[in-house]
1. Would you tally the residues in the range 95-110 being more than 14 Å from residue 59 (Cβ to Cβ) and touching a strand residue (DSSP E or B) at 6+ places or on another chain (Cβ under 8 Å)?
2. Tally up the residues in the range 52-71 that are more than 22 Å from residue 39 (Cβ to Cβ), within 13 Å of the chain's Cα centre (by Cα) and not polar (S, T, N, Q), please.
Amino acid sequence: MAHGKLKADEIEHSTAGTVDTQFVVNGSAKAWVNFNQASVDDSHNVSSVTDSDVGRFVVNLSNSMGNTGYAISVCARNPVGSGADFKENNDVARATGTTPVVTLSGGSYYDSSDAMVIFQGDLA
C-alpha cells in the first residue's frame, strides 16, 4: 500500500480567511502538561515530571526542543488565602529535553496540586 503526502502552503477556511501553514506549525504548542506533584494528569510531548524537592519540578520532554531559546509559561494555583510569588529557578539550567519549574507562595516553595506548563519553540 502506497502512502501519499499532503503539501500545502496555506489553509483556507470557507468564511474565516486564509492562514500560512508556517504560522500554524510555528505557533502551535510543542508540549504541555497538567500535573499534580509528579503525577501527570494529561500532557502532550511530555514523558514525565520529576519532583525534585518541595515546590521544585523538572518537566521531561518526549521529543527535545531544537535549542534552548524556547519560551515557557508556567501557572500553578495557590492555596486559598496565600499570596502569589513566582521566581526563576536559577539552580537548574534549561536544556533541550527538560525545564525547571518552581512554585512559590509568599516567598516559600510549595507543592501545587494543579500546575501547568506550556512550551513554545522549535522541535529538534
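Bear in mind these aren't lab numbers, they're just calculated from the coordinates by the rules spelled out. Computed from a predicted model, the values in this text were never measured in an experiment. A quick note on method: Cβ atoms are made from the backbone with ideal geometry, for glycine too, and the neighbour counts reach across all protein chains shown.
1. 6
2. So the count comes out to 3.
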